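Every number here is computed from the coordinates shown, using simple stated rules; none is lab data. Bear in mind the structure is a predicted one, so any value in this text is a computation, not a measurement. Positions of Cβ are generated from backbone atoms using ideal geometry, with glycine treated the same way; all protein chains shown enter the neighbour counts.
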Amino acid sequence: MEYSKQQIGQVTQVRASISAYGVFLLHDCTDGIERVFSHGGDALNNGFAHDAFDCYRILECGRDMGKALNWSSEITKHNQRLYMKDKAQQKKKQSTPVAGESKDV
């Protein structure tokens, strides 16, 4: 599916049977991630806004999460290491007593 930018934040499908605005580009999300919200007749129209990964997963991988996650084994391994490091830090924070608190109940 191809899109062309019509005006700020709005995009229309180039090869659509109906030339109606189908996508809003959301630049001011609270978490800082840009997203796409579709209200046209395409695969992204499911009532949710999608980030770049979601768009890739839906449009290029046929919604297959496993295929989307494994597009690059090097990046997948890097992300797994980051995830394990984060989990270890969370576990360490949970096991470290706060000054003035007792672990005994």
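Under 5 Å between amide hydrogens, which residues at least 5 positions from L26 or on another chain qualify, with H placed 1.01 Å from N in the peptide plane? Close amide H contacts, sequence-distant or interchain: R35, V36, F37. Estimated at 0.36 nm per residue, the fully extended path between A43 and K77 surpasses their Cα-Cα distance by 9.3 nm. Summary of packing: across the peptides 53-66, 83-96, the per-residue average of other C-beta atoms within 10 Å ranks them, highest first, as 53-66, 83-96.
Between I33 and A68, residue separation times 0.36 nm minus the direct Cα-Cα distance comes to 10.7 nm.
If you take the beta carbon distance between L59 and K85 as r and set R0 to 35 Å, what does 1/(1 + (r/R0)^6) give as a FRET efficiency, to the nearest 0.05?
0.65
In order along the stretch 61-77, phi translates into HN-Hα couplings of 10, x, 6, 7, 5, x, 5, 5, 5, 9, 5, 9, 5, 5, 5, 4, 5 Hz, rounded to whole numbers, per the Karplus curve 6.51 cos²θ - 1.76 cosθ + 1.60 with θ = phi - 60° and x for Gly and Pro.
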